[in-house]
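The values are calculated or read from the model by the stated rules, or taken from the named source; none is laboratory data. Computed from a predicted model, the values in this text were never measured in an experiment. Please note: Cβ atoms are built from the backbone with ideal geometry, for glycine as well, and neighbour counts cover all protein chains shown.
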Amino acid sequence: MTESTLFTIAFVLYVLSLVVYSSALFARRERWAGGAFVLAVIGFLSHTAALILRTASSGHAPFTNMYESLSFLSWAIVLALIIFGRSSRVARLGPYLMLIVVGLVALASSPLMPKGATPLVPALQSYWLWLHVSVTLLGEAFFAVAFVASLLYVAADSEEKKARLDALAYRAVAVGFPLFTLGGLVFGMVWAYKAWGTYWSWDPKEVWSFITWLVFALYLHTRIVMGWKGKRSAIIAIAGFLAALFTYFGVNYLLAGLHSYA
Amino acid sequence: MRSAWKFFSSVKLAIVLIILLTVASTVGTLIPQGRSAAEYAARYGSLAGLFTALQLTRLYQSVWYLALLLFFAVNTIVCTLARLGPKWRRAFRPAPETDAKSVTSMRASARFRLPLTIAPARDRVAGALKARHYLLDQSAHDEKVVIQARKRRLGWFGSDIVHLGLLVILAGGITSGLAGRHAELALADGQTADVPHAAFQLRLDKFDTEYYPQGGVKDWKSTVTVVEGGSAVLTRIIEVNQPLTYRGISFYQQSYGWDWSRAQIVLEIRKPGDMTTFKTVTLKVGERAAVDAPDVTHVVVLRFVPDFVIGEGNQVQSRSDEPNNPAAQVEAWKGEERVFSGWIFAKFPDFGHGGEGDPMTGAKTAAKADAPRVAVVLKDYSAAPYSVLEAAKDPGVNLIWLGCLLVSGGFFLAFYWPPREIRVVLEASQGRVELAAGGQASKSREAFRTEFDGIFESIRRPE
């Protein structure tokens, strides 16, 4: 099977997973959610195979253009769902995360995204490509979990649900923030130093990573030192994910800079 | 002094500073940084002056942004120190808890009797705790033994290590800003240049651009030789992502270009009617070449640009260094009479055959209005490539990496190395021992409770 076939299979399974999740939610059949989770896991396996095939055929890391990095980010979000989905006991996490995943995969599949594997420009020929991009996107995937949990928190009605969502958001940040710091900022600085001779250039993408980092630093300080929990915490986590999304997406299209790849 | 300490030890200040830094940093991405005054004037009109005065155009180097960072640093130092003392005592010199009641009021607790005397009971408890890698502090008062057990004590200091790391990174940034040196060396093949701030030279032996078979640049490679005291010391290939470091100075493949001012040009001198070629000549910019045809004695190349464009004031400019629209300004002479003058284009050979003027520039050529007697075609062009290497000496870099290491390690400790503490009070009564125990962990409490229950189960019912 080719990479694009496997990717399409993954896409179809993600959509099915989303449909079953939504039905479970609206029909109040909690058992169906288990089936939706299994569909997501099978889709994830197919997606993993697609990423491996792409790496094998292109000879480089599968995140060097927008199509590839969208595909990898959606893969990482499904991974975060697999890690947190069962233990969090939050029924709505699955459907809403899968909604984001389907949105990202649809965007990746849209005709706007060139899908061809182009040979790497000299600046990207480095093993730091693997470390920098994969770890950053993994961190952002966990921010997505915190984002969904925080949105659900704001909408939740019972105290019991709220406590669970608040704890889930924090746990997701506790994984995402160190990963984002390490991948986005530390590995990014090391690579920039190796490629350009300066570890920090105040390039818009760098500044937006720093802004994202500051927002999550705010999240932790208000929470741990000042005891903010609940709604205010949730709003900061939402803002943090939006900042991460802008760093990933918006900077490329709206602001010019060194980071013109993806 | 005390009020300054109080001011800086406030977490509220930290939060205000984080918000201010976020907002300021955002502004800096909305206004392009470090452009020319003319560009700002064109973009922002009357606001440009205000932006420049507020240093918004060099925001990240501005006095107020740096002051913000400095405030943040002092705030971090004071906040960290103010909280370090109590944490230190808790981790390394805990006050012994002797009261059985307060011990069992901790999150996890256990209370039972052991059919033992105090010494073997103490040994059993100590053995069980040590088996789970706890460090013990014991104290005995009369018939009472108090055991304090703790593990993963470093976890208490995770956030402090992150803060220290951030300060080290900031110190590294300041060092880079004050003592870092960056210079560009543009070298053609065979050329040698003095390396700034160093007692050696760098020679470019060869510059290569490699292409993929399907097009697109694969790599830029500069083969360079370090020359020290007149003799070659080492030869190395510098590529993008593969810098060379010699005596603390690193050389990066940064850019490349062609020396178009000394381009070599190939011209065809033709007869305008049937376009038969009189002669093909090769010459450099600024040179003249003999043609010796009936209507043309010689030609001159006045100028060459790789990417022809008409700029301000109808001036010819090159839009870029890439040969996107190569053009040459040439003249053809018959003795003392100029028979052709104008710009000719490699990609548009129909333009500029002399005569009425140039269709792209609109500039009048000096040739007469009657039919041109000669056509000049820009057949080929080439220029020597040069490599641009960045020479950088940055003494702040090691601090940056140290800071990054501290931040990463601190994060690990803060999130994934939660300290655990268990307190046990043993009291002898009527030939048996009353055991009261309590414990707490700052994170992963369920895992801790499992461990706690396991420990006390093994004390109550040893194998």
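Observations on the structure shown:
- Segment B:415-431, residues that are at pLDDT 90 or above and assigned to a strand (DSSP E or B): B:R420, B:E421, B:I422, B:R423, B:V424, B:V425, B:L426, B:E427
- For B:Q242, the conditions (1) over 16 Å from B:E390 (Cβ atoms); (2) crowded, with 16+ Cβ neighbours inside 10 Å all hold with the exception of (1).
- Selection status of B:L170, closer than 14 Å to B:S387 by Cβ, among the aliphatic types (A, V, I, L, M) and under 27 Å from the mean Cα position of the chain (by Cα): no
- Tally of residues being free of Cβ contacts under 8 Å to residues at least 60 places away in the same chain and among the charged types (D, E, K, R) across segment A:16-61: 3
- Inside segment B:257-275, residues that are part of a helix (DSSP H, G or I) and either out of contact with any Pro (no Cβ under 8 Å at 6 or more places or on another chain) or under 16 Å from B:V374 (Cβ atoms) (or both) make up a count of 2.
- All of A:F37, A:F44, A:F26 fail the test of being closer than 17 Å to A:L93 by Cα and more than 23 Å from the chain's Cα centre (by Cα), apart from A:F26.
- Some residue of segment B:171-185 being without any contact (Cβ under 8 Å) to a residue 24 or more places away in the chain, closer than 30 Å to B:W258 by Cβ and either small (G, A, S) or surrounded by 15 or more Cβ atoms within 10 Å (Cβ to Cβ) (or both): no
- Taking each residue of segment B:404-433 that is polar (S, T, N, Q) and looking for partners that are modelled with pLDDT under 90 with beta-carbon atoms closer than 7 Å, six or more apart or interchain, yields nothing.
- Subset tally (residues that are modelled with pLDDT of 85 or more, in contact with a Gly (Cβ under 8 Å, 6 or more places away or on another chain) and surrounded by fewer than 14 Cβ atoms within 10 Å (Cβ to Cβ)) for segment B:275-323: 2
- Enumeration of residues in segment A:182-200 that are of a type in the set (V, I, T) and either more than 8 Å from chain B (Cβ to nearest Cβ) or under 19 Å from B:L389 (Cβ atoms) (or both): A:T198
To keep it simple, each residue is scored yes or no on (1) in contact with a helix residue (DSSP H, G or I) (Cβ under 7 Å, 6 or more places away or on another chain); (2) among the aromatic types (F, W, Y); (3) surrounded by fewer than 19 Cβ atoms within 10 Å (Cβ to Cβ).
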residue	(1), (2), (3)
A:G188	yes, no, no
A:Y193	yes, yes, no
A:W196	no, yes, no
A:P204	yes, no, no
A:L218	yes, no, no
A:I224	no, no, yes
A:W228	yes, yes, yes
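- Leading residue by the ranking (surrounded by the fewest Cβ atoms within 10 Å (Cβ to Cβ)) among those in segment A:131-159 that are without any contact (Cβ under 8 Å) to a residue 24 or more places away in the chain and either within 17 Å of A:Y170 (Cβ to Cβ) or touching a Cys at 6+ places or on another chain (Cβ under 8 Å) (or both): A:E159
- Residue ID - farthest from the other protein chains (Cβ to nearest Cβ), chosen from residues in segment B:167-196 that are in contact with a helix residue (DSSP H, G or I) (Cβ under 9 Å, 6 or more places away or on another chain) and not hydrophobic (A, V, I, L, M, F, W, C): B:T175
- A:W213 vs. criteria within 10 Å of chain B (Cβ to nearest Cβ), in a helix (DSSP H, G or I), within 28 Å of A:L120 (Cβ to Cβ) and touching a residue at least 40 places away in the same chain (Cβ under 8 Å): no
- Just so you know, in segment A:216-229 the residues that are in a loop (DSSP other than H, G, I, E, B) and more than 7 Å from every other protein chain (Cβ to nearest Cβ) include one that is nearest to the chain's Cα centre (by Cα), and it is A:K229.
- Every condition in (1) away from chain A (no Cβ under 14 Å); (2) within 24 Å of A:V173 (Cα to Cα); (3) buried (at least 23 other Cβ atoms within 10 Å of the Cβ) holds for B:A414 except the one numbered (1).
- Among the residues making up segment A:106-135, those that are over 30 Å from B:Y211 (Cβ atoms) and assigned to a helix (DSSP H, G or I) are A:A106, A:L107, A:S109, A:V135.
- Residue check: B:I238 meets all listed conditions (1) touching a residue at least 24 places away in the same chain (Cβ under 8 Å); (2) more than 29 Å from B:L204 (Cα to Cα) but one, namely (2).
- Conditions (1) surrounded by 13 or more Cβ atoms within 10 Å (Cβ to Cβ); (2) more than 10 Å from chain A (Cβ to nearest Cβ); (3) not basic (K, R): number failed by B:S36: (1)
- Total residues in segment B:109-144, condition assigned to a helix (DSSP H, G or I) and closer than 30 Å to B:P418 by Cβ: 11
- Selection within segment B:234-248 - over 19 Å from B:W258 (Cα atoms), within 12 Å of another protein chain (Cβ to nearest Cβ) and not in a strand (DSSP E or B): B:N241, B:P243
- Picking from residues in segment B:197-233 that are among the hydroxyl-bearing types (S, T, Y), within 14 Å of chain A (Cβ to nearest Cβ) and assigned to a strand (DSSP E or B), the one that is farthest from the chain's Cα centre (by Cα) is B:Y211.
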